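One structure below.
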Amino acid sequence: MSIQQYANQYVCDLKAYEPGKPVEETARELGLDPDSIVKLASNENPLGPAPMALDAIRNAAGEMHIYPDGGGYKLRSALAEKFDLDLENVVLGNGSNEVIELLCHCFLNEGAALIAAEHAFVVYKLMATLFGAKYVEVADPNFVHDLDAMADAVTDETRLLFIANPNNPTGTMVDEATIDRFMAKVPDHVVVVFDEAYYEFVNDAPDTLKYVREGRNVIVLRTFSKAYGLAGLRIGYGLGARQVTGILEKARQPFNANEVAQRAALASLADLEHVEATVSNNAHGLAFYETHFQEMGLEYVPSLANFVLVNVGDGDRLFAEMLKQGVIVRAMRGYKLPGWVRISIGTEAENERCLSVMKSVLSGF
Ligand SMILES: Cc1ncc(COP(=O)(O)O)c(C=O)c1O
């Protein structure tokens with residue numbers, strides 16, 4: 001008799017999240033030097049953490065026998081001030097992923113439904129499944145969220161509706177006028193989640209915080225994993241109306257955001273130069289890939305984030321062949337896009353190496 005029969009059925013049925021292939025694992029499996037491997041598979045910051053964050057991390061190391069500030073006072077205050085909100089509007093998470101999970105803990109059960117776009121970030125579906133809720137997937141023509149169709153999909157059961165803006169893995173965004181039209185229609189029994197993990201890369205991102213200030217049932221998710229380069233520390237946050245964040249606060253673990261992460265994140269907020277350098281490197285890298293994809297006659301989705309989705313015919317094969325040459329990209333079968341790969345923007349040298357390996361592999365297809 002298997003212990004599985006006593007476990008939560010939804011957990012047993014779950015297909016676990018598959019992260020980008022780690023450098024160390026690739027090096028072990030292929031007998032390569034880890035330093036020779038280029039990983040462009042998890043939308044990380046190729047410039048690393050901000051120098052000011054590195055100082056904060058070093059300074060924090062000697063105090064790791066002390067529990068973190070469970071209330072996250074300094075970081076939450078800084079975020080509240082930056083976005084002209086109150087402390088109570090800010091929830092910290094062990095990555096913004098944890099805030100997604102907290103939302104599902106608080107609002108989903110077997111009778112509830114979560115709405116997301118067809119090619120939305122895959123974690124929403126995993127979470128809906130985990131909590132036994134219905135996952136409602138709305139078609140996204142040309143890889144852009146269709147907010148009218150998403151509003152039409154709302155029923156009495158709907159509790160959460162995710163708008164990833166820009167979305168991963170498509171890199172597309174919906175504009176403010178479209179969001180405003182959508183928000184005029186969405187009923188109060190739905191929490192609208194604007195997942196803005198790539199916010200800093202967008203020049204004129206829609207203002208969604210106005211809905212938080214208006215007290216709508218809304219939460220905006222952001223992270224230090226991407227433009228701030230702290231993916232390994234796991235720190236993200238939600239900016240929500242008080243009635244939403246108040247519920248999440250009850251469900252989170254007392255010390256969910258670790259102290260090193262809190263201090264590094266706080267320091268990162270002040271290191272504007274690093275974010276600027278990151279955003280500029282990203283813009284150059286995106287232009288580089290898009291220009292070459294046009295020359296190569298490859299279909300791609302114009303991206304506003306730090307990655308680009310490109311149709312190569314057989315994504316698994318390209319991934320596997322590029323891996324052998326020490327370049328890690330992300331195959332997109334898990335997103336029902338078996339012909340596509342997603343490439344994260346690297347440094348100039350990484351992008352050049354990636355493209356040259358990609359070209360040589362594709363010439364053999
Ligand atoms: C759209 C989106 N939301 C949330 C996350 C989670 O990021 P983190 O938990 O590192 O903050 C990611 C990570 O790739 C993402 O792409």
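Each reported figure results from applying straightforward, stated rules to the coordinates on display, with no laboratory input. Small disclaimer: the values here were computed from a predicted structure and weren't measured. Cβ atoms come from the backbone with ideal geometry, glycine included; neighbour counts cover every protein chain shown.
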Computed over the stretch 263-365, Kirkwood Rh from alpha-carbon pairs, angstrom: 14.5 Å
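Tell me, in nm to one decimal, what length is gained between R213 and K185 on full extension, where the rule is 0.36 nm per residue of separation less the Cα-Cα distance?
Full extension from R213 to K185 adds 8.3 nm.
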Cβ-based charge dipole, the chain, positive-most Cα from A151, A60, V90: A60
Karplus (6.51, -1.76, 1.60) ³J(HN,Hα), θ = phi - 60°, over the stretch 41-57, in Hz, Gly and Pro reported as x: 10, 9, 6, 8, 8, x, 8, x, x, 5, x, 5, 5, 4, 4, 4, 5
Below 8 Å, C-alpha to C-alpha, sequence gap of six or more: please give me the relative contact order for the chain in percent. 23 percent
What spacing in nm lies between the two simple spin-label points modelled at E157 and L87, each 7 Å away from Cα in the Cβ direction? 4.1 nm
Looking at the P(r) of the chain, how many percent of alpha-carbon pairs lie beyond 37 Å? 19 percent
When the charge dipole of the stretch 51-271 is computed with +1 at the Cβ of Lys and Arg and -1 at the Cβ of Asp and Glu, the Cα pointing farthest to the positive end, of F194, A270, T178, is that of A270
With +1 on each Lys and Arg Cβ and -1 on each Asp and Glu Cβ, and nothing else charged, work out how big the dipole of the stretch 164-208 is about its Cα centre, in Debye to the nearest 20. 220 debye
Under Karplus coefficients 6.51, -1.76 and 1.60, residue-wise ³J(HN,Hα) of the stretch 192-203 in Hz, glycine/proline x: 8, 10, 8, 8, 10, 4, 10, 3, 5, 7, 9, 5
Straight-line reach from K185: which lysines have Cα under 23 Å away, leaving out those fewer than 8 places along the same chain? K134, K210
Suppose every Lys and Arg Cβ carries +1 and every Asp and Glu Cβ carries -1, with no other charges. What dipole size does the chain come out with about its Cα centre, to the nearest 20 debye? 680 debye
Of L85, L272, L230, the one that fluctuates the most in a GNM where the chain has Cα springs shorter than 10 Å: L272
Full extension between Y73 and K324 adds, at 0.36 nm per residue less the Cα distance, a length in nm of 85.7 nm
